[in-house]
Each structure stands twice: as C-alpha cells, then as structure tokens.
Protein chains: 2
Amino acid sequence: MKIITLADSAGFCFGVKRAVDTALKMKQEYNNEIYTLGPLIHNNDVVSFLKDNLIYPIELNEISNLKDNDTLIIRSHGVSEEILNELNKTNLNIIDATCPHVGNIHKKVKEHYDLGYNIIIVGDKNHPEVIGINGWCNNSAVILKDDTEYHLIPNKVCVVSQTTERQATWENVLGKIIKTSKEIVAFNTICSATEVRQKSAEELSKKVDAMVVIGGLNSSNTTKLYEICKINCENTIYVENMSAIPDEFIKNENVKSVGVTAGASTPDWIIKEVITKMS
Amino acid sequence: MKIITLADSAGFCFGVKRAVDTALKMKQEYNNEIYTLGPLIHNNDVVSFLKDNLIYPIELNEISNLKDNDTLIIRSHGVSEEILNELNKTNLNIIDATCPHVGNIHKKVKEHYDLGYNIIIVGDKNHPEVIGINGWCNNSAVILKDDTEYHLIPNKVCVVSQTTERQATWENVLGKIIKTSKEIVAFNTICSATEVRQKSAEELSKKVDAMVVIGGLNSSNTTKLYEICKINCENTIYVENMSAIPDEFIKNENVKSVGVTAGASTPDWIIKEVITKMS
C-alpha cells in the first residue's frame, strides 16, 4: 500500500478551473447544449471532452445563430468592455467566467484611463487576455514586451501586466518606463499561480520516495515542474495520463510514498485517474 | 587669456528666487526686522547679505522670543504638517515661501499616506526638504539613496523624490522597488530646474579644460553638480565665492577654457564676481 499525496497546488490555475467548473455546472443545470466564446482553454483534450458534454466553442460572429436564452460563457481570459456590453444586450444567458484577477485588471485600466492616464500593458499583443484588457481603455493601450522599442510617453502612465507574463519582462519594461515617465502608477498583475505550483511541487518532492508529474509532453511549464522534482527525488516520472505510467513503477515495493503534481493545462479528472491507478 | 563659459542654466532656481524676493519684499513692506525659520538658503554670503538687511534666521525653539505680529518666513524647503500647524497657532505673521513644487510633494504624500500607501522618499534623510516631506506622512517614510539596502516593502508604495535628487539615483532606487512591490505609484518630483542645470553643467564639463562650481559648501544640489562635472573634467573646483578660487587655478596656463556653473542657492552677483575674477 503506497501513500499518495497530491501537491497543494497542481494542475489548472484558479481562473481556468473556475471557468471549466462553471461550464460543467451550467451544462448540468440547463441540461442543454451550451456555448463558450472561443475555446474555453488552450487544451485540445479538454475542448474535446467539453464537446462530448455538449459544450461548444463559438466565435463572436456566430452568436446571431444562437437562440434566445441559450447559455454563452465568457472564458477566463475576459473580453473588452464593448463586447461585454454587446453580449449583455442580447437575449442570451451570459455567464461571465472571466478570471477575477483579470477582471481586477479591467477595473484598474478603466478607472485610470478615465482619470487621463496613458495605459501600458506588458504582455503579448495577440493574446486574448491582452486584447480584452485593451478593450477597457478604448483600445488605446501601448503594449510592450522586452524587445519593443519604448518611445517616450508623456506624464501619467498606468502600467499593468498580462497575468502570465514573466517577472523578468515586467522589470525590464518598467525599467525603461521609469527613465522617461514622470508620473507612474504600476500594478504588477502577474499571477502567482505558476510560482506557487512550482514551490508546492518542490516541497512535496523532498518528502516522498517517488514523484509523478502529469502534463502534455510538449508543455514547457510541466517540463519545468519535472526538472524541479527530479532534483530532490531521483525516481520522478513524467506522464501525459494514467496509461503512460509503467507497471514496474506501480509495483516497486521500495516506493512507500508517491507525490503527484500536474502542469497548468492538466484537468482534475486526469489527475484523479492517475491517483486511482496508483492506489 | 582663458575662454570662460557660463552654463546655459546656473544659479537660483524658481523656488529660491521666490523665497529671497519674498523676504526682501516683506522687509520693504514692514520696514522692520523680519525672521526666517532657519537660514533662508544654503549660502553664507546670501545669509550675510540678508542679515545686513535685517532679515534674521532663527530656529524653531527660539520663536517664543518673537513678539506678536512679527513676520516669520517659511523657507523654500518647506516644513512638516506638525510645524505648520504649530506656527499657524501663534500670533506671528507667518509667510509661507515653501517652493510650490515642494508643496505639491507634501500634498501627494499626505493624500497617498491617508489612502494606506507606504511612502518612500528618494533623497537625503538629513536634508530639510526631506525632513519636511516626511512630516506629511507622520514621519513614517522610508528614505532611500543608491547605497541604501532595499528591504521588501509590502504592497502599495508611493515614491517621491527630493526636488534636487539626481535622475540616476531615482532610476537606481526605483529599479529596486519594481522588483518587489506589487503596486507602485511613483512621482518623479525631481525639479526640472535641477535636471536642466545638471544637464547643462554635464555638457559644458565635457568641452572645457577646467570647471568652477559655485555654491555653499553645505548645499546638496551644488555637491551633485560638482560630482557630475568631476566625472567629465578632472580639473573641477568647488568654491563658495570668488575669494575661494586658488591663484594657481587662475594662473594655470594649460587651462585654456573654463566652464562655470552654480547651485540653486547661488545669487547672480556671486556668479558675476567669479567670472570677473577669472577674466
């Protein structure tokens, strides 16, 4: 009998978990097809699973095909003020699953834009979260990354970051802004989820005989988790799902305790399947 | 024959000129002894000149010796909220000649302190201006310079600078703050007069064989000018007035060109005397 411990923080971040849970709960409640504005998360297995449960992604230009009272979920990335207003004017049942951390950025951006600040977003201009944030300051934001040339912005800038931005990029861009802007309001809105997940895996890997790290094999955040665990626990394996766990790993009688962690795109049910198989 | 060039911007800044003009005007108006809370500016020659005009510096613990309706001038550096309130309770004729730029810092600091921000002042903790600013947040400010170890300050910091701080120091200190504080409001309150004076001294010091920096020996902004010039021009001297210029400096035949600059508390007449002596 092995003791199996799941890391305190593993798998989906708070915002993604909340959006997926909301979709599943809505499906159960309405017992009807429901829709998400764009794929709910960037994970094909999860999107397929949701489709199997009659939860379909649709694009903005397709919503006129929906019927009155159909349920449409806004995903965790959030949307612009304009789209939110447009959706609220329809007869659809709009469920806003915008991550509260992202919603907080929308609020700060709108408030400071209305006070006359020039908005700067540190992040990727093509990411839906950034596009959404920019929609709370009339799409006027300057969007910067490490390699973007910083051109002088006059007084009163308000700077926010994409929630998944790297801390080093935040410091790099803000380091340029402080040289030229006289009045700066800066909110470091990078979400601590990734860091917390890594710390929690690191701690667990020090206490167990073996570790199972679950995630897509091309997932960079899962690879990082694997590397961290491997330092403390030689017997660490990296698997996509329960079927990838070798029999000899399960049957190894020297392994009395196993720790489990998972990357940001791994849903709970895959984690549960792994734990069940190990037990 | 040496070529002598005065920096484009040198000498009294707006705030100091305003305080000196106010003192002289009050003296003319009341035709009586008047008092300044501390030496009006950091320049012994000017303070002597003012004394000759019956304008005397006194310390806070001496004001009980003044008579009702005596005029007391608050100098351009400003004072704490507590001292201002105390003075306003007396029967003295209080004239507040606090530089409006410094008054603006007091306002921002008080406002943000009341909103729960931790106040950080980039400047010299012993400078009267910084002591005054700190008195608008219940003396709770963390006062930082380049070499001060920066210890983590929790969320919500409001950062201001001494008006005469160096831009490089501002960037250096703020560069540390952005690494740790999640919410930052930063007002670069370095007075543009200081910056313009420093840039103009810097440029001039690159082009000449020697530099003369004029100012009170306890004037922090003059010390900074001296440091900046010394980087580009090894033969830089720091003098209070014309009598302090060494003969060998004037007689040095290797020096064909001399640049002249002066701190914010150096009056025009002292600059003119120096130039005349050098010529």
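Can you name the residue in the range A:9-45 that is in a loop (DSSP other than H, G, I, E, B), under 17 Å from the mean Cα position of the chain (by Cα) and not hydrophobic (A, V, I, L, M, F, W, C) and, of all such residues, is farthest from A:Ala97 (Cα to Cα)? Among them, the one singled out is A:Ser9. Note on the range B:1-49: residues that are within 23 Å of B:Ile275 (Cβ to Cβ) and either touching a helix residue (DSSP H, G or I) at 6+ places or on another chain (Cβ under 8 Å) or buried (at least 21 other Cβ atoms within 10 Å of the Cβ) (or both) total 19.
Residue by residue through the range B:112-142, note down the ones that are part of a strand (DSSP E or B) and over 14 Å from B:Thr164 (Cβ atoms).
Of everything in the range B:112-142, those that are part of a strand (DSSP E or B) and over 14 Å from B:Thr164 (Cβ atoms) turn out to be B:Asn118, B:Ile119, B:Ile120, B:Val142.
For the range A:178-219, the set of residues classified as farther than 16 Å from A:Thr236 by Cα, surrounded by 22 or more Cβ atoms within 10 Å (Cβ to Cβ) and more than 14 Å from chain B (Cβ to nearest Cβ) consists of A:Arg197 only.
Kindly check whether there is at least one residue in the range A:54-69 that is under 21 Å from the mean Cα position of the chain (by Cα), buried (at least 20 other Cβ atoms within 10 Å of the Cβ) and not acidic (Asp, Glu). Checked against the condition, which is being under 21 Å from the mean Cα position of the chain (by Cα), buried (at least 20 other Cβ atoms within 10 Å of the Cβ) and not acidic (Asp, Glu), the range A:54-69 yields at least one hit.
Of the residues in the range A:46-62, how many are part of a helix (DSSP H, G or I) and free of Cβ contacts under 8 Å to residues at least 60 places away in the same chain? Within the range A:46-62, residues that are part of a helix (DSSP H, G or I) and free of Cβ contacts under 8 Å to residues at least 60 places away in the same chain number 8. B:Thr266 - would you say it is of a type outside the set (A, V, I, L, M), touching a residue at least 24 places away in the same chain (Cβ under 8 Å), outside any helix (DSSP H, G or I) and in contact with a helix residue (DSSP H, G or I) (Cβ under 8 Å, 6 or more places away or on another chain)? So B:Thr266 passes the test. Only one entry of B:Asn134, B:Asn88, B:Asn104 meets the criterion of being away from chain A (no Cβ under 13 Å) and under 20 Å from the mean Cα position of the chain (by Cα), and that entry is B:Asn134.
So for the range B:143-153 (the condition being in contact with a Lys or Arg (Cβ under 7 Å, 6 or more places away or on another chain), in contact (Cβ under 8 Å) with a residue 12 or more places away in the chain and either over 18 Å from B:Thr223 (Cβ atoms) or not small (Gly, Ala, Ser) (or both)), does at least one residue qualify?
Scanning the range B:143-153 turns up at least one residue that is in contact with a Lys or Arg (Cβ under 7 Å, 6 or more places away or on another chain), in contact (Cβ under 8 Å) with a residue 12 or more places away in the chain and either over 18 Å from B:Thr223 (Cβ atoms) or not small (Gly, Ala, Ser) (or both).
Looking at the range B:143-257, the helices (runs of 4 or more DSSP H) lying wholly inside it that each contain 1 or more residues that are over 25 Å from the mean Cα position of the chain (by Cα) and at pLDDT 95 or above sit at B:192-207. Consider A:Ala141 carefully, then state whether it is surrounded by 15 or more Cβ atoms within 10 Å (Cβ to Cβ), closer than 25 Å to A:Ala262 by Cα and away from every other protein chain (no Cβ under 14 Å). Answer is no for this residue.
Annotation note: Cβ proximity below 6 Å between a residue of the range B:203-225 that is more than 16 Å from B:Gln162 (Cα to Cα) and a residue that is part of a helix (DSSP H, G or I) and among the β-branched types (Val, Ile, Thr) (sequence gap 6+ or interchain) occurs for B:Ile214/B:Val274; B:Gly215/B:Thr222. Selection over the range B:155-177 of residues that are surrounded by fewer than 17 Cβ atoms within 10 Å (Cβ to Cβ) and over 13 Å from A:Leu174 (Cα atoms) gives a count of 4.
The values are calculated or read from the model by the stated rules, or taken from the named source; none is laboratory data. The model shown is predicted, which means the values in this text are computed figures rather than measured ones. For neighbour counting, all protein chains shown are included, and Cβ atoms are generated from backbone atoms with ideal geometry for every residue, glycine included.
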